[in-house]
1. Out of (1) touching a helix residue (DSSP H, G or I) at 6+ places or on another chain (Cβ under 9 Å); (2) at pLDDT below 95, what's the single condition that is false for V70?
2. Yes or no: the range 97-110 includes at least one residue that is of a type in the set (G, A, S), closer than 30 Å to P279 by Cα and open to solvent by 30 Å² or more (accessible area, probe 1.4 Å).
3. Just checking, does the range 50-65 include any residue being of a type in the set (G, A, S), open to solvent by 10 Å² or more (accessible area, probe 1.4 Å), modelled with pLDDT of 95 or more and not in a helix (DSSP H, G or I)?
4. Do any residues in the range 112-134 that are among the charged types (D, E, K, R) have Cβ atoms under 8 Å from those of residues that are assigned to a loop (DSSP other than H, G, I, E, B), where the two are at least six apart or on different chains, and which pairs are they?
5. Among (1) assigned to a strand (DSSP E or B); (2) open to solvent by 70 Å² or more (accessible area, probe 1.4 Å), which single condition is F140 missing?
6. Within the range 69-84, is even one residue closer than 23 Å to L268 by Cα, part of a loop (DSSP other than H, G, I, E, B) and open to solvent by less than 10 Å² (accessible area, probe 1.4 Å)?
7. Just checking, how many residues over the range 194-226 are assigned to a helix (DSSP H, G or I) and surrounded by fewer than 19 Cβ atoms within 10 Å (Cβ to Cβ)?
8. Among the residues of the range 11-31, how many are open to solvent by 20 Å² or more (accessible area, probe 1.4 Å) and touching a strand residue (DSSP E or B) at 6+ places or on another chain (Cβ under 6 Å)?
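The values are calculated or read from the model by the stated rules, or taken from the named source; none is laboratory data. It should be emphasised that the depicted structure is a prediction, and the values quoted were computed from it without experimental measurement. Counting neighbours? That spans all protein chains shown, and the Cβs are built from the backbone with ideal geometry, glycine included. Ligands, DNA and RNA are stripped out before the accessible areas are found, and what is left, the full protein with its side chains, is counted by its heavy atoms. Shrake-Rupley method; radii C 1.70, N 1.55, O 1.52, S 1.80 Å.
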Amino acid sequence: MIFPEDYFEPEERDGFHITSMMKRNWAVQLEIIEFIGKVCRKQGIKWYAEFGTLLGAVRHKGYIPWDDDVDITMMRKDYEKFMARASRDLPKGWHLFNGRNEENPTASTLQVINTDVVCVEPEHLERYHGFPYIGGVDIFPLDNIPDDPEEREIHRALYTLAYYGFYHTGESDMLRDLKPEIRDAADTLTEAAGARFDPEMPIKPQFLILSDQIAASYSNDRTKEVADMQFFMNTEREHISKTAYQKTIMMPFEMMDIPVPEGYDEVLKAYYGDGYMTPVRYAGTAHEYPCYAKAERRLRLYYESRGLQFPKEFEG
């Protein structure tokens with residue numbers, strides 16, 4: 001992908017200052033989107049801009065000025081197909097990060113990332129527009145959910161228990177190490193969902209795999225609605241009709257076009273309410289802004305520990 005030189009200049013959008021480093025982060029993410037699009041075309045996979053990325057496409061024709069990441073979704077079958085096949089085509093140095101297959105998973109999100117280390121080597125910086133940190137795109141599955149409200153609530157409750165167990169256990173915790181409330185969750189999942197936990201293996205990845213299995217358990221394509229279970233478990237209203245995702249349309253996003261669900265209005269109202277076209281700078285996100293802030297602090301400490309000046313071009 002070719003970027004005009006002035007793309008990396010700092011700028012103001014909607015009264016928000018966007019740094020040059022953030023533009024470089026965006027550029028890496030756009031290249032990853034381009035890669036994902038190629039894989040999906042090759043494999044016949046349908047994908048959609050989602051969450052803030054969808055809102056940015058509809059409202060800003062690009063990133064929301066104060067957004068720093070990219071979120072996309074796929075229906076569960078396409079999500080599994082992408083996960084199984086995308087790694088074959090990954091560019092050198094790129095990774096398909098999937099917590100399900102990690103020995104010590106820290107996140108459940110599927111990610112395509114351009115590197116797994118902070119790198120200041122000239123070749124790397126030239127390849128990635130002077131961005132030394134990890135750039136990535138998050139991919140979420142959309143799962144069928146039951147039509148019956150009571151059955152749906154049970155489904156949501158079981159998923160919540162499994163995800164709660166994953167989120168609140170340590171990397172090396174075993175079944176015997178669990179706090180009482182986590183043990184209660186494990187016992188409930190064993191009784192109500194037929195879960196089987198291996199007492200000789202760390203419990204964290206077992207909870208993660210179970211949460212994924214519960215999310216994908218409604219394979220009946222005749223159900224009317226879908227949801228991203230990670231969000232649905234916290235906000236019951238975030239379930240959307242399948243007809244909203246039946247077709248895709250292309251919308252401008254920075255200097256490319258990306259697919260969005262034809263029913264984007266229904267999707268955005270489910271996530272952000274009727275007034276989604278009015279920009280509101282949100283106060284809280286799922287991570288620290290910018291997304292590479294922790295990596296920047298570590299890189300700064302690296303330079304300082306060696307008595308070196310932290311390069312200004314890595315700030316922001």
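1. With respect to (1) touching a helix residue (DSSP H, G or I) at 6+ places or on another chain (Cβ under 9 Å); (2) at pLDDT below 95, V70 is out only on (2).
2. We begin by selecting, within the range 97-110, every residue of a type in the set (G, A, S); these are 99, 107-108.
Next, from what is left, pick out any that are closer than 30 Å to P279 by Cα: 107-108.
Now restrict to residues that are open to solvent by 30 Å² or more (accessible area, probe 1.4 Å): 107.
Yes, the range 97-110 contains a residue that is of a type in the set (G, A, S), closer than 30 Å to P279 by Cα and open to solvent by 30 Å² or more (accessible area, probe 1.4 Å).
3. no
4. Matching pairs, first to second residue: D116/I134.
5. Every condition holds for F140 apart from (2).
6. Checked the range 69-84: at least one residue is closer than 23 Å to L268 by Cα, part of a loop (DSSP other than H, G, I, E, B) and open to solvent by less than 10 Å² (accessible area, probe 1.4 Å).
7. Qualifying residue count, the range 194-226: 2.
8. Within the range 11-31, residues that are open to solvent by 20 Å² or more (accessible area, probe 1.4 Å) and touching a strand residue (DSSP E or B) at 6+ places or on another chain (Cβ under 6 Å) number 1.
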